[in-house]
1. Considering (1) in contact with a helix residue (DSSP H, G or I) (Cβ under 9 Å, 6 or more places away or on another chain); (2) modelled with pLDDT under 85; (3) of a type in the set (A, V, I, L, M, F, W, C), say which one Leu91 fails and leave the rest.
2. Taking the range 20-78 only, how many residues are within 23 Å of Gln137 (Cβ to Cβ), among the acidic types (Asp, Glu) and surrounded by 16 or more Cβ atoms within 10 Å (Cβ to Cβ)?
3. Just checking, does the range 101-114 include any residue being within 24 Å of Phe31 (Cα to Cα), modelled with pLDDT under 75 and surrounded by 10 or more Cβ atoms within 10 Å (Cβ to Cβ)?
4. Being at pLDDT below 90 and polar (S, T, N, Q) is the filter here, so list the residues in the range 131-152 that pass it.
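The values are calculated or read from the model by the stated rules, or taken from the named source; none is laboratory data. Small disclaimer: the values here were computed from a predicted structure and weren't measured. Neighbour counts are summed over all protein chains in view; Cβ atoms, including those assigned to glycine, are modelled from backbone coordinates with ideal geometry.
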Amino acid sequence: MDIRFMAKNVEVPVDLKDYMIKKFSRMEKFFPQISGQILIKMVRDTYIAEVTANVKGVIMRGEERDLDLRKAFDLGLKNLERRIRRHKEFLVDRAHLKSHDFTFEETPVVEETSGVKIVKEKRFDLYPMSPEEAAMQMDLLEHSFYMFLNGETGKVNVVYKREAGGYGLLIPN
């Protein structure tokens, strides 16, 4: 199991780091080929634990905030475990979700045009999938929208969460 540990604006004791890695390693009971990242941040006297797992290209994340570092991590890991369990049940029940390999490359962009400043750029590969699979991937990532390649049409589509509830699908002409 490959686990990457990062800390920003906080010093994590070695015993607590070992505890976090040991607890994260228990996710192997769901998927033996799981890898992940643990990111601990301190923002305004509050710890933020962001726990991310990659299961054959499906990326899932659990995030939690608390004044206690251990509690923030445990709750974030609990959120992630719930998502992993839901994903595993989906795969067992439906057995038609294809695995996707997402690799994100982040490069800062310093261009400024007409008062609009783009501060971050992400590049990623698009894989064919159905809108339902894209909505599930969006939920696993906890994003409000998700861009994907529609497997039926071969065009780039965007699925998004509507404020009134449900999902929307953007289809180009």
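1. (1)
2. 3
3. Quick first cut of the range 101-114, residues within 24 Å of Phe31 (Cα to Cα) only: 101-104.
From what's left, modelled with pLDDT under 75: 101-104.
Right, trim to surrounded by 10 or more Cβ atoms within 10 Å (Cβ to Cβ) and you get 101-102.
Scanning the range 101-114 turns up at least one residue that is within 24 Å of Phe31 (Cα to Cα), modelled with pLDDT under 75 and surrounded by 10 or more Cβ atoms within 10 Å (Cβ to Cβ).
4. Matches in the range 131-152: Gln137, Ser144.
Here's the yes/no breakdown for (1) over 24 Å from Asp125 (Cα atoms); (2) part of a strand (DSSP E or B); (3) within 18 Å of the chain's Cα centre (by Cα):
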residue: Leu16; (1), (2), (3): yes, no, no
residue: Phe31; (1), (2), (3): no, no, yes
residue: Ile40; (1), (2), (3): yes, yes, yes
residue: Ile59; (1), (2), (3): no, yes, yes
residue: Glu63; (1), (2), (3): yes, yes, yes
residue: Lys71; (1), (2), (3): yes, no, no
residue: Glu81; (1), (2), (3): yes, no, yes
